[in-house]
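Only one structure is covered here, and it is reproduced in the block below.
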Amino acid sequence: MAIKLSERAAEEVKRFQKEHNFDDSMLLRIGVAGGGCSGFNYTLNFDDSFDDKVDSKYEWHGVAVVVDKKSALYLDGTTVDWYESLEKKGFTFDNPNAVKSCGCGSSFQA
């Protein structure tokens, strides 16, 4: 299984790329880093590098997504979506590997 990007999330990524004049070489890099109130933080960055020895690459709704293989262990089966309401907006992570998440949803425990 892989990490998935919802159609709404892909549209938001494309909007951001266009707004910041990113060219087609820029990839959405999704990963995890130690920290946060639950142990791991989700990371989202744009990157123009891909190394097939340490990265996996996917394409969802026209967006190239790169995940380093170490992060992929914690993100396998995760769906990244875009949420928008009157109170807040941002990317959400539905991670089946998380046994505990913080209240804001930006960190998790595996």
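Just so it is clear, none of the values below were taken in a lab; they were calculated from the coordinates. In this text, all values refer to a predicted model and were calculated from it rather than measured experimentally. Note that we place each Cβ from the backbone using ideal geometry, even for glycine, and neighbour counts take in every protein chain shown.
Listed values, structure above:
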item: Subset of 18/69; 57/88; 4/69 violating a 18 Å alpha-carbon distance limit; result: 18/69; 57/88
item: Charge dipole of the chain about the Cα centre (unit charges at C-beta), most positive-ward option of 93, 34, 66; result: 34
item: Principal axis box of the chain, alpha-carbon based, largest edge first, Å; result: 41, 36, 23
item: Helix-only mean residue ellipticity at 222 nm for the chain, each DSSP H run of n ≥ 4 adding -39500 (n - 2.57), per residue, nearest 500; result: -5500 deg cm²/dmol
item: Within region 42-99, trypsin sites (Lys or Arg not before Pro) in DSSP loop having at most 11 other beta-carbon neighbours inside 10 Å; result: 53, 88
